[in-house]
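Visitor: I am attaching a structure below and will ask some questions about it afterwards.
Please treat every number below as a calculation from the coordinates, not as lab data. Values in this document were obtained by computation on a predicted structure and should not be read as measured data.
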Amino acid sequence: MTDNVAALRQLLLSAPRDALPMTYQQVANTLALTPPRTIAQVTQALEQLMREDAAQQKPFIAALVVSRRGDGLPAAGFLNSRLP
């Protein structure tokens, strides 16, 4: 999973501005994640990014990944995650 976290951070940092936000599925496809549970893999990586950003008091880069059904907002669990 550590590889997914690093790859996801790099993806979000290097994505062209007009490519953001990205959906969970776009992230899974771009990172070439393989089943089972590709969206869960994205979610786990996003949660780790949030923990890292919180520890460094940085804005959550994870907010750049949104639910395709959420009107451009992160998925429902985004604000419910348990941070350190």
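Visitor: Under the 0.36 nm per residue contour assumption, what length would be gained going from the current alpha-carbon distance of Ile39 and Asp3 to full extension?
Guide: Full extension from Ile39 to Asp3 adds 11.4 nm.
Visitor: Which ³J(HN,Hα) values, rounded to whole Hz and listed in residue order, are derived for region 34-46 from phi using the Karplus coefficients 6.51, -1.76 and 1.60 in 6.51 cos²θ - 1.76 cosθ + 1.60 with θ = phi - 60°, glycine and proline given as x?
Guide: These are the phi-based 3J(HN,Hα) values: 10, x, x, 6, 5, 5, 5, 5, 4, 4, 4, 5, 4 Hz.
Visitor: Further question on the same structure: So how much slack lies between Lys58 and Arg17, counting 0.36 nm per residue of separation and subtracting their Cα-Cα distance, in nm?
Guide: Gain in length upon complete extension: 12.9 nm.
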